[in-house]
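For reference, the structure discussed in these notes is given below.
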Amino acid sequence: MRWIIAASMVLATAAGCSGSGDETTVEQPDRGTIGIAMPTTKSARWVGDGKSIAQQFELLGYKTDLQYAEDDVDKQISQIKAMIAGGEKALVVGAIDGTALKDVLASAATAKVPVISYDRLIRDTPNITYYATFDNFKVGVLQAGAIVKALKLSSTGGTDNIELFAGSADDNNATFFFNGAMSILTPYLKSGRLKVVSGETAFKTVATQRWDGAVAKKRMQRLLAGPLRGTKVDAILSPYDGLSRAIIEALQENGYKKLPVVTGQDAELESAKLIASGIQTETVYKDTRELAKVAVQMTNSLLLGGVPEVNDEKQYDNGVKVVPTFLLQPVNVDRTNYERVLVDGGYYTADQLAG
Ligand code: GAL
């Protein structure tokens with residue numbers, strides 16, 4: 001999205017941020033404050049998202065009010081209320097529970113504050129203007145693809161055992177990830193090439209409330225002590241690095257030396273290190289700097305009376321309307337390409353990965 005970068009450079013220069021050494025100060029236009037409501041600082045990715053969004057807005061001359069709600073839904077609602085009451089110009093919201101913001105967003109609409117749904121779709125309300133995210137179905141396709149590749153499922157063989165984990169049921173993305181993965185895994189389950197030994201395959205049963213690693217670890221421990229006792233699990237479909245690491249811990253504590261194939265998402269630093277050392281098999285990298293740029297550009301365009309660019313007007317029905325969306329592409333990362341994607345791409349330094 002070259003034009004976004006170009007636009008920010010123009011505005012940054014106009015705001016006296018050219019870094020040219022020229023002492024002339026150009027008065028910063030008062031563009032008002034943007035409220036940025038993020039779910040939690042417990043996950044590295046959301047910390048990065050918040051920082052990138054705030055930086056991008058500041059480059060355009062906006063002030064920012066960045067709030068984290070630590071996965072407490074009521075706290076997020078109060079934060080959003082305060083943003084609206086404080087006269088903030090627009091809101092960018094990464095929801096904790098995508099179904100819980102209906103009332104507070106009705107107040108945003110009354111106050112004419114546009115709301116961008118960030119990464120997670122806010123449901124059951126007409127009061128979101130645009131949605132910026134990654135191709136969430138494809139995330140699941142990539143995770144399952146990594147399992148197919150690592151277990152060589154497309155060549156004939158016996159039965160490999162898999163266990164399925166999904167994300168938080170109140171996060172619209174979780175269903176998309178799961179459906180994407182199952183679109184690839186189902187034929188292998190049907191043919192018997194793959195087997196879920198626990199028999200736990202329904203989304204609701206395998207979902208992990210609040211994406212909490214402790215919840216996933218407990219479930220893995222229960223499976224290992226119960227249905228998986230005496231058998232070997234060959235693959236774990238895990239939708240997010242924070243869960244993958246917790247599941248890996250449970251497996252290691254259970255005595256697994258040769259770990260199963262374990263997928264993930266977000267390319268969190270701790271998981272990138274596990275991929276480098278061959279412990280976690282895969283993650284799905286989503287460049288959150290790019291997502292931040294898209295959300296900021298959407299907001300800026302709206303505030304300037306323009307029409308934000310979108311590339312999907314079909315997939316994201318929030319129960320009230322189909323929300324115009326800009327989808328970015330997720331990237332599969334494993335041991336063969338993590339340096340090229342994550343280090344050469346400037347997401348991490350080689351030192352961070354080595355540390
Ligand atoms: C999802 C998001 C994932 C992951 C997960 C847990 O909504 O799309 O990238 O971060 O939440 O935080």
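The values are calculated or read from the model by the stated rules, or taken from the named source; none is laboratory data. Note that the structure is a prediction, hence the values are computed from the model and not measured. With ideal geometry, Cβ positions are generated from the backbone for all residues, glycine too; neighbour counts draw on all protein chains shown. In case anyone asks, the SASA skips ligands and DNA or RNA and just uses the protein heavy atoms, side chains included. Shrake-Rupley method; radii C 1.70, N 1.55, O 1.52, S 1.80 Å.
When only C-alpha pairs under 8 Å and at least 6 residues apart count, what is the relative contact order of the chain, in percent? Over the chain, the number comes to 16 percent.
Treating r as the C-beta distance of residue 252 and residue 320 and R0 as 51 Å, the FRET efficiency rounds to 0.70. The accessible surface of the chain, taken with every protein chain in place and a 1.4 Å probe, is 53 percent carbon and sulfur. Based on protein heavy atoms only, the chain ends up with 43 Å² per residue of surface accessible to a 1.4 Å probe. For the residue pairs 149/195; 75/102; 89/112; 204/258; 138/314, the alpha carbons lie more than 19 Å apart in 204/258.
Could you work out the per residue convex hull volume over the alpha carbons of the chain, in cubic angstrom?
Details: hull volume 50.4 nm³, N = 355.
Hull volume normalised by residue count: 142 Å³.
What is the sum of charges, Lys and Arg at +1 and Asp and Glu at -1, for the other residues whose Cβ falls under 12 Å from the Cβ of residue 163? Walk me through the intermediate numbers first.
Working: positive: 195, 219, 222, 232; negative: 160, 200, 234.
Summing Lys and Arg as +1 and Asp and Glu as -1 gives +1.
Projecting the Cα positions of 178, 208, 157 onto the charge dipole of the chain (unit charges on Cβ atoms of Lys, Arg, Asp and Glu, taken about the Cα centre) puts 157 furthest along the positive direction. Please list, by residue number, everything in the range 318-355 whose backbone N is under 13 Å from a paramagnetic label point 7 Å out along Cα→Cβ of residue 51. Under 13 Å, as judged by backbone N against the label point of residue 51, lie 347-349, 352 of the range 318-355.
For n ≥ 4 DSSP H runs only, could you compute -39500 (n - 2.57) per run for the chain, divide by its residues and tell me the 222 nm figure to the nearest 500? Kindly include the intermediate steps, with their values, before the conclusion.
Details: 12 runs with 145 residues, N = 355.
Rounded to the nearest 500, it is -12500 deg cm²/dmol.
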